[in-house]
């Protein structure tokens, strides 16, 4: 991939990848940071995308996901303290509609691996084998994550009166392209 092709790839894919990672992480600024860092790391590998690395979008998404998970592990204690502080202060809710908010909140309750599988399958429209390849997990593991994640989401969203939307076709979420 040439410099110009990589630049065009960046311009056409950045916002899509940020939305995908936002759905996986539930944190928009973290998604932007992780995707940006993944693109920086991909710059040095751009010549290998078509040959040995594979599809650049999948590579960037995987690197961004791993960066986000790595940051979570390093900052776990700080986030717990931050959440406690944020819950003590009332905040005005502005922005996404109630269905989007309910879905993101429900996704946040899932373990990271289940959340990733749900987002890649339902929002990014990847097949189970594609998800297995992208995440490095076995096909059976992806199926189990999807089954458990869906069950947990159904339980979470059943209690929400305004969260009657399904994952596929939800008006509140921007789908992956």
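Computed from the coordinates by the stated procedures, all read-outs in this text should not be read as laboratory data. Quantities reported herein were computed from a predicted structural model and do not represent experimental measurements. No Cβ is skipped: glycine too gets one built from the backbone with ideal geometry, and neighbour counts run over all protein chains shown.
Just a few scattered comments:
- In this simple spin-label model, placing a label point 7 Å from the Cα along the Cα-to-Cβ direction at both residue 14 and residue 151 gives a separation of 4.2 nm.
- The modelled label-to-label distance between residue 139 and residue 5, using points 7 Å beyond Cα along the C-beta direction, is 3.0 nm.
- Here the peptides 56-68, 141-153 are ranked by packing, the mean other Cβ count within 10 Å, and the order with the highest first is 56-68, 141-153.
- Peptide ranges 128-140, 26-38 listed from the most packed, as the mean C-beta count within 10 angstrom indicates: 26-38, 128-140
- Label separation (residue 41 vs residue 125): 2.8 nm, computed from points 7 Å beyond Cα along the C-beta direction.
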